[in-house]
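A quick write-up on the structure given underneath.
The values are calculated or read from the model by the stated rules, or taken from the named source; none is laboratory data. No experiment lies behind these values; they were computed from the predicted model shown. Heads up, the Cβs are rebuilt from the backbone with ideal geometry, glycines too, and the neighbour counts pull from every protein chain shown. Only protein heavy atoms, including side chains, enter the accessible area calculation; ligands, DNA and RNA are left aside. Shrake-Rupley method; radii C 1.70, N 1.55, O 1.52, S 1.80 Å.
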Amino acid sequence: MERLASSFMCSSLLVVLLLLSASRPAHSKVRVHRWDISYAFKSQDCVRNLAVTINGQTPGPTIRAEMGDTVVVHVKNNLVTENTAIHWHGIRQIGTPWFDGTEGVTQCPIVPGDTFTYRFVVDRPGTYLYHAHYGMQRSAGLYGLIQVALPAAQAEPFSYDYDRSIILNDWWHDTTQQLSTGLASVPFVWVNEPKSILINGRGKFNCSLAAANQVCNATSPDCSPFVLTVVPGMTYRLRIASVSSLSAFNFEIEGHDLLVVEADGHYVNPFAVKNLNIYSGETYSVLFTADRDASRNYWIAANVVGRRPDTEPGIAVLNYYPNHPRRTPPTARPEGPLWNWNDTDYREQQSIALSRSHPDYIHPPPATSDRTILLLNTQNRVEDGRTRWSLNGVSHDMPHTPYLIALREGLRHAFDETPAPERYDYENYDVSRHPPAVVNATISTSIYRLKFNSTVDVVLQNANTLANSSNSETHPWHLHGHDFWVLAYGTGKFDPRRDTSKFNLVDPIMKNTVALHPFGWTAIRFRADNPGAWAFHCHIEAHFVMGMGVVFAEGVDRIGRLPTSIMGCGDSKFLRARHH
């Protein structure tokens with residue numbers, strides 16, 4: 001029987017892989033990577049600190065592939081004391097929902113000493129991310145870029161001479177265990193602002209502020225500024241990605257205009273900016289030409305917006321060849337829009353300007369939706385006194401058995417099967433009231449079950465926090481397994497009778513991550529056409545850990561037999577034993 005079960009599983013997986021390969025171009029390749037996830041001491045901002053690395057690196061190696069290629073990543077967890085899982089952010093996992101890499105949703109975690117193999121097809125060109133999706137491990141350094149190119153015979157709607165990339169992150173000196181323990185404590189201990197902003201894994205902390213027990217070396221090569229060398233007169237495509245755990249960034253290249261051409265793998269109606277607001281989980285491609293005074297170098301800067309700046313800007317150098325790459329620019333370092341770091345209108349207007357598709361790449365959304373889910377995003381207390389985030393009064397908690405396994409295998413009682421609330425009392429709730437009218441919330445593992453192939457609208461509504469004064473925070477929301485149309489942004493409280501007329505149904509951009517601005521709302525639309533269980537959550541790590549997320553399930557009955565490699569936790573450990 002064991003041999004028969006094993007044969008059946010192999011046959012099921014073979015069918016899936018054959019179907020996927022049949023839809024791939026003839027030129028497609030298999031890109032194989034072998035990763036060792038381990039701890040290492042790094043001095044990314046000059047302070048020696050413990051990081052989670054891939055083959056000793058952070059950021060991890062960039063995955064480069066062509067549209068239609070299969071990516072295979074063998075991940076060995078050598079963290080000794082920590083589980084792990086890796087999410088392929090922006091890759092829809094069509095036909096492979098079990099490899100989305102979301103612990104508690106699509107797989108059991110990879111336990112210390114084990115090797116887990118991810119295998120998936122990159123079906124669309126663009127700029128994407130990968131990062132840990134276990135606890136707060138992403139902020140410890142487990143992240144990197146995915147670049148998917150068009151086949152050589154196809155052209156993009158813009159031209160450039162060279163392709164370069166930058167990945168932005170924020171960095172703490174406390175361990176992720178210290179940070180997550182504080183968030184779950186009573187009284188609540190916030191993570192506070194990051195110590196440094198990293199550009200391609202490099203930042204600069206003021207060693208005079210280092211604690212007595214910290215090793216800080218301002219001359220360490222680990223924290224020398226990243227240098228982007230350019231040839232005068234050439235045009236560059238710069239891929240910019242943010243994996244920040246908390247911060248929203250305002251990115252600029254001193255003296256150079258940026259033309260935004262791609263967002264989350266989709267071509268935008270080109271839009272010029274002096275500086276670009278980018279939120280955690282977002283990726284953009286911008287074009288710029290090295291057409292300034294070539295006798296000097298220039299600053300590249302990432303400044304915090306949306307929160308009161310309490311962290312030095314992240315700094316890199318734009319090096320005009322043949323100047324020496326370490327030649328310091330003669331000007332003061334850019335300080336970003338300090339005068340309007342909390343100007344929500346300024347950031348919302350840029351979001352609106354960047355939310356239209358390129359005229360030649362418009363994919364109009366369905367004219368109507370089958371279902372509308374209104375999600376009120378609030379900070380609350382739960383019955384044991386902890387501070388949590390909730391949606392419609394429910395703070396999400398992960399079950400011990402991943403949703404995909406529980407749903408596909410009919411494991412009843414693995415999670416709360418009470419339907420999650422579809423809406424809140426929008427007619428009477430005052431989103432700006434302080435303190436909030438409703439303080440208490442409940443913790444639940446409930447989910448949203450979506451009819452397969454239906455069209456779903458989700459309206460995210462922001463409100464006041466529990467702070468001592470009026471306060472509402474920016475939340476970047478990321479949807480797994482799908483791209484969605486960004487229909488509209490709005491200020492104040494969303495009213496379905498009035499505000500649906502503001503939806504852009506003509507040329508909206510498609511994205512996988514979108515900002516919910518303070519005291520405002522954001523409306524998205526997507527097709528529930530990818531069988532699986534998919535997380536939809538705030539991409540700020542502390543907020544997701546504190547319950548700011550939901551799970552959508554669709555078409556799970558259409559999924560073939562699950563690989564046993566994703567099992568082994570909760571009730572699924574019995575399934576794994578039986579299948580073997």
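Key figures
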read-out: Within segment 402-416, tally of residues that are within 9 Å of Ala533 (Cβ to Cβ) and in a loop (DSSP other than H, G, I, E, B); value: 1
read-out: Conditions (1) at pLDDT 95 or above; (2) open to solvent by 50 Å² or more (accessible area, probe 1.4 Å); (3) within 23 Å of the chain's Cα centre (by Cα); (4) of a type outside the set (S, T, N, Q): number failed by Val261; value: (2)
read-out: Residue under evaluation Phe8, criteria (1) open to solvent by 80 Å² or more (accessible area, probe 1.4 Å); (2) under 30 Å from the mean Cα position of the chain (by Cα); (3) at pLDDT below 95, criterion not met; value: (2)
read-out: Every residue from segment 318-337 that is under 26 Å from the mean Cα position of the chain (by Cα) and crowded, with 18+ Cβ neighbours inside 10 Å; value: Gly336, Pro337
read-out: Among (1) open to solvent by less than 10 Å² (accessible area, probe 1.4 Å); (2) assigned to a strand (DSSP E or B); (3) not charged (D, E, K, R) - the single one Gln379 does not satisfy; value: (1)
read-out: Scope segment 88-116; condition over 26 Å from Pro151 (Cβ atoms), in a strand (DSSP E or B) and either in contact (Cβ under 8 Å) with a residue 60 or more places away in the chain or among the aliphatic types (A, V, I, L, M) (or both); matching residues; value: Glu103, Gln107, Ile110, Phe116
read-out: The listed residue being hydrophobic (A, V, I, L, M, F, W, C) and either over 18 Å from Gly281 (Cα atoms) or surrounded by fewer than 20 Cβ atoms within 10 Å (Cβ to Cβ) (or both), out of Ile509, Ile540, Ile566, Ile524; value: Ile566
read-out: Failed criterion for Arg561 (all others in (1) surrounded by fewer than 18 Cβ atoms within 10 Å (Cβ to Cβ); (2) under 16 Å from the mean Cα position of the chain (by Cα) hold); value: (2)
read-out: Tally of residues being among the charged types (D, E, K, R), within 21 Å of Glu473 (Cα to Cα) and open to solvent by 50 Å² or more (accessible area, probe 1.4 Å) across segment 344-376; value: 1
read-out: Any pair with Cβ under 8 angstrom, 6 or more apart, that starts in segment 304-330 at a residue that is in contact (Cβ under 8 Å) with a residue 24 or more places away in the chain and ends at one that is among the charged types (D, E, K, R) and open to solvent by less than 20 Å² (accessible area, probe 1.4 Å); value: Val305/Arg347; Gly306/Arg347; Thr311/Asp170
read-out: Enumeration of residues in segment 296-355 that are farther than 30 Å from Asn504 by Cα and of a type in the set (A, V, I, L, M); value: Ile300, Ala301, Ala302, Ile315, Ala316, Val317, Leu318, Ala332, Leu338
read-out: Flag if Arg296 is without any contact (Cβ under 8 Å) to a residue 60 or more places away in the chain and not in a strand (DSSP E or B); value: yes
read-out: Residue tally, condition of a type outside the set (A, V, I, L, M), part of a strand (DSSP E or B) and closer than 23 Å to Asp123 by Cα, over segment 256-280; value: 4
read-out: Residue that is among the charged types (D, E, K, R), closer than 26 Å to Tyr160 by Cα and either crowded, with 23+ Cβ neighbours inside 10 Å or touching a Gly at 6+ places or on another chain (Cβ under 6 Å) (or both), where the choices are Arg296, Arg292; value: Arg292
read-out: Yes/no for Pro187 being farther than 30 Å from Tyr134 by Cβ and in a loop (DSSP other than H, G, I, E, B); value: no
